[in-house]
Amino acid sequence: MFAKFFTIASLAILAAATPTPGGEPASSCSTGPVQCCDSTAKANSAAATSILDSIGVVVQDVNALVGLDCSPISVVGVGAGNVCSAEAVCCQDNSHGTLISIGCLPVTL
């Protein structure tokens, strides 16, 4: 009986902790333009660490999501020129050119 309860409770906790697949709506991005990034990774990943080290940026939260090789896209009137075929994100820090964006959250377009 206890094992069944434990299994059901574990599944409920897992479901509550799992992020929604599409992320936040793009209209909720208040930190700047929505970015289209070739990929995203945690700040402590090998790919992100090498870029961050090369430009001398220290990220306080090593679990922060960073966007790699990003470019801004328009959310209004998403059309042929504004489609993101990679990962659409909203980031807190887009001040490092297109190389890396820091503190990102996935968004849906």
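Read-outs throughout are calculated quantities, based only on the coordinates presented, and are distinct from any laboratory measurement. Just so you know, these numbers come straight off a predicted model, no measurement behind them. Neighbour counts are summed over all protein chains in view; Cβ atoms, including those assigned to glycine, are modelled from backbone coordinates with ideal geometry.
Near Cys36, once Lys and Arg are set to +1 and Asp and Glu to -1 for all other residues with Cβ below 12 Å from its Cβ, the sum equals -3. Between Ser39 and Leu68, the built amide H atoms are under 5 Å apart, and every one of these is 5 or more places off in sequence or on another chain.
Here the contact order of the stretch 22-108, divided by its residue count and restricted to Cα pairs under 8 Å and six or more residues apart, works out to 41 percent. Starting from the Cα of Ser39, step 7 Å along the direction of its Cβ; do the same at Asp53; then give the gap between the two resulting points in nm. It is 1.7 nm. The Rg/Rh ratio of the stretch 22-108, with both radii computed over alpha carbons and Rh defined as the Kirkwood radius, is 0.96.
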